[in-house]
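The values are calculated or read from the model by the stated rules, or taken from the named source; none is laboratory data. Computed from a predicted structure; not experimentally measured. FYI the Cβ positions are ideal-geometry reconstructions off the backbone, even for glycines, and counts take in every protein chain you see. Calculation scope for accessible area: heavy atoms of the full protein, side chains included, ligands and nucleic acids excluded. Shrake-Rupley method; radii C 1.70, N 1.55, O 1.52, S 1.80 Å.
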Amino acid sequence: MEKLNLGPDILMAKNQRLIYARISGYGQTGPYVHKAGHDINYVAMSGILSVLGRRETVPTPPLNLIADFAGGGMTCALGIVMSLFERQSSGKGQVVDTSLVEGTAYVSSFVYKTQNSPIWGKPRGQNLLDSGAPFYDTYETKDGKYMAVGSLEPHFYAKLLEGLELDIPQFSNFDITKESFRLKFLTKTQMEWIEIFDKLDACVTPIIELTEAHQKEPNISRKSFYKNPHTLSWEPEPAPKLSRTPGIANFSNPDPIPGEHTMEILKEFGYEESEIRSLAANGTVGIHHAHASVQKFENLTSLLR
């Protein structure tokens with residue numbers, strides 16, 4: 001932004017109430033300030049990737065959820081909200097410097113703060129919450145689907161054993177117990193296990209596919225998902241639900257295409273159309289005519305139907 005003379009120093013000199021949010025991999029200072037990366041790199045540099053995955057395997061990246069969305073987008077949004085709140089008393093804005101590495105480490109503070117507790121302390125994949133314990137893991141069912149077991153507390157573990165029709169002390173040999181659980185779960189289909197554990201408060205649930213989540217009763221009753229009329233896919237409703245001003249998914253238009261509103265926005269700022277086209281010609285901004293893409297999308301949707 002500094003190259004465009006739109007950095008925070010220039011803009012905040014004109015408006016001291018401005019809140020200027022920045023998201024980058026390694027922050028706005030330091031030796032990596034200009035270094036490229038992706039979610040996997042930022043999670044790696046935060047230290048958190050080293051603890052993710054099963055034992056005797058390489059660390060497993062958790063999609064691109066931790067750095068991009070939790071450590072980046074969510075902490076940046078929180079920083080903006082905090083800055084808005086603080087501005088009420090100071091009357092001044094500030095720069096929100098969001099580093100995806102720092103954000104990832106911060107949302108994972110629990111892992112850092114519990115390293116010396118009984119929960120952790122062993123190599124990756126050998127602890128209570130990282131698939132090391134038989135009562136906190138996933139198991140395949142007879143029909144090739146899966147169940148999630150989170151029966152940590154003794155009373156939940158007792159209900160787990162009741163559902164499995166087994167009698168194994170909770171902290172006996174983990175490897176032997178896990179093998180017993182594995183073989184037991186393979187004796188029934190996922191639906192059969194659902195019917196058993198729906199009647200027991202054991203913290204045992206089916207692992208639901210993305211395409212099935214909207215069909216499950218808890219999600220139906222709370223209207224947790226909506227059908228996007230443009231993509232015909234089921235997508236999550238906004239969360240959390242606010243009692244007085246709840247968020248509502250807006251699907252009146254397709255998702256915007258990068259550059260779709262460039263002309264409209266810059267005209268609002270006072271640019272003439274000729275100036276905007278000049279900026280587009282030299283690569284400063286991008287312009288995309290959405291109507292052509294929307295027509296192509298609608299044609300494709302019709303074919304898929």
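Brief remarks follow.
- When the GluC sites (Glu not before Pro) in the range 243-287 are filtered for DSSP coil states and for at most 11 other beta-carbon atoms within 10 Å of their beta-carbon, the remaining sites are 272.
- Listed values (i) 1.31; (ii) 1.08; (iii) 1.14, entry calculated as Cα Rg over 2.2 N^0.38 Å: (i)
- By accessible area with a 1.4 Å probe, ligands and nucleic acids excluded, highest first: order of 234, 193: 234, 193
- Stokes-Einstein diffusion coefficient of the range 125-272, Kirkwood radius over Cα pairs, 4 °C, 1.567 mPa s, in µm²/s: 69 µm²/s
- Potential extension, residue 33-residue 216 segment - 0.36 nm per residue separation minus Cα distance: 61.4 nm
- For the chain, the solvent-accessible area of protein heavy atoms averages 67 Å² per residue (probe radius 1.4 Å; ligands and nucleic acids excluded).
- Inter-centroid distance (Cα atoms) of the range 35-96 relative to the range 162-176, Å: 38 Å
- Surface accessible to a 1.4 Å probe, residue 122 within the full protein complex, Å²: 130 Å²
- Order of exposure, largest accessible area first, which applies to 230, 34 with probe 1.4 Å: 34, 230
- Of the residues 107, 149, 81, the one with the largest accessible area comes first in the ranking 81, 107, 149, computed with a 1.4 Å probe on protein heavy atoms.
- Projected label distance in nm at residue 115 and residue 241, using a 7 Å step from Cα toward the beta-carbon: 4.0 nm
- Apportionment of accessible area to carbon and sulfur, the chain, percent (1.4 Å): 58 percent
- Helical runs (DSSP H, four residues minimum) scored at -39500 (n - 2.57) apiece and divided by the length of the chain put the mean residue ellipticity at 222 nm at -10500 deg cm²/dmol.
- Gaussian network model of the chain, springs between alpha carbon atoms under 10 Å - residue of 196, 207, 66 with greatest fluctuation: 196
- Over all pairs of different C-alpha atoms, the range 1-75 has a mean inverse distance whose reciprocal, the Kirkwood radius, equals 14.6 Å.
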